[in-house]
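Read through the structure below, which is laid out as structure tokens, and then see the notes.
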Amino acid sequence: MHLVIDGYNYINRINASSVQKGASMDLLRRDFLERCARYKKMRSARMTVVFDAWDTPAPGRHSENVRGIEVVYSRQGETADDVIIGWIRKRPAGLIVVSSDRAIIDEAKARGVAFLTPVKLSEMMAAPAFEAKDEDDYDETPRPRKGNPRKLPKKVRKAVKAIDKL
């Protein structure tokens, strides 16, 4: 499982009041990465946070490792959305995208990639001990070929399972 988070999108959605009050974006970014590290410690998921760096003088995309979290900064003239959409198009197995950006969500839906909103991920990170759901909650018994009109499509069920594992 690989969780890819649109960093500034998450920070702006979850910490909207802090951003409006003029809180240091660097401080908010460090706090967010600290929460991600605690979450990663509880769950064995690969995590990548992508930040916009399009207005910096760095010519290429660069990354760093912060407490086990891969942090990627986009290259000059490129947004984090472009980076994430590129990864969605490659469609690696186990990819889960976290963003509220409509373009990213639409691309994920079109490619069958699971996605979460920043609010949902924040709730999951705040849950006591990040309690796991029971695997028995999902009905995977075979159905007649006609299909069950009440059962979600297989792609959606797989996405739900991947998200529940977080």
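Where a number appears in this text, it was derived from the coordinates with a stated rule and is not lab data. On a predicted model such as this, the values are computed, not experimentally measured, just so you know. Heads up, the Cβs are rebuilt from the backbone with ideal geometry, glycines too, and the neighbour counts pull from every protein chain shown.
Things to note:
- Under 5 Å between amide hydrogens, built in the peptide plane, is the criterion, and for Arg61 it picks out Arg75 among residues at least 5 positions away or on other chains.
- Taking amide H as placed 1.01 Å from N in the peptide plane, Ile5 has its amide H under 5 Å from the amide H of Thr48, Val49, Val50, Val98, each at least 5 places away in sequence or on another chain.
- Note on Arg46 and Ala103: the model spin-label points, each 7 Å out from Cα along the C-beta direction, lie 2.5 nm apart.
- Whole-Hz couplings from phi, Karplus 6.51/-1.76/1.60, listed for the range 73-81; x for Gly and Pro: 10, 5, 7, 4, x, 10, 9, 4, 4
- Net lengthening on full extension, Arg38/His62 (0.36 nm per residue, minus Cα-Cα): 6.3 nm
- Whole-Hz ³J(HN,Hα) from phi, Karplus 6.51 cos²θ - 1.76 cosθ + 1.60, for the range 148-157, glycine and proline x: 9, x, 8, 8, 5, x, 4, 4, 5, 4
- 3J(HN,Hα) couplings calculated from phi for the range 105-113 with the Karplus curve 6.51 cos²θ - 1.76 cosθ + 1.60 (θ = phi - 60°) are, in sequence order, 5, 4, 5, 5, 4, 5, 9, x, 9 Hz; Gly and Pro show x.
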